[in-house]
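Every number here is computed from the coordinates shown, using simple stated rules; none is lab data. The shown structure was predicted, so the numbers you read here are calculated from the model rather than taken from an experiment. A quick note on method: Cβ atoms are made from the backbone with ideal geometry, for glycine too, and the neighbour counts reach across all protein chains shown.
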Amino acid sequence: MGRNGLRFLFFTLAILMMTQPGAIAFANFDAPYGFYKDLSTWLSAYLGGAVILMLYALLKRKELGIKLLSLYGLHYAVLFVVVYFLKLKAIKSINPSFSIENAPFLTFLSFQLSILLFPPAIFSPPHYPHDVPLLLVQLSIWVASFYVFLRLGELEERKFSISSAFSKLSRCSHEGC
């Protein structure tokens, strides 16, 4: 994967990392409805932020390529359907009027609330035992994003060392080293 693809992957992981603590705090705000409610709220918040990433990808479509854009669009559509059915499973008894028409609006609302609740939620431990698997997922996302960040650093360092070598060669050929 190239530098632009790794950067896009890093942004995707960053949205996942930033939305999880606030989304779980938001999901557990009124009552603990369980793992599915927390998971669906987090993924819904991610989908709200992923629209921003999709706009970024459309702006960088030449560098990212149509294949990555297609995969990301497919990923978004499948995850949207999964989140919708998770929400139905989690809150159908609470809110029987929840429908597919509400889902797009709720993804943006969940994203905004999760970002607003990110600072206080990052410093509070999970309150319920069903949040522990999501905490483990969060830690694995941190590790994956750190790895991607290191790979990006290696590619940037290599780019600078190659470009500096070419500039030295061109300077040398002009000056007659």
Exercise. Rank-order 130-141, 106-117 by packing density, defined as the average count of other C-beta atoms within 10 Å over each peptide's residues, highest first.
Key: 106-117, 130-141
Self-check item: D (Stokes-Einstein, µm²/s), Kirkwood Cα radius, region 1-135, 0.890 mPa s at 25 °C
Solution: 159 µm²/s
Practice problem: Report the label-to-label distance for Met1 and Ser140 in nanometres (one decimal), using points 7 Å from each Cα along the Cα→Cβ vector. | Solution: 1.6 nm
Self-check item: Where labels lie 7 Å past Cα in the beta-carbon direction, separation of Glu156 and Met54 in nm
Solution: 2.9 nm
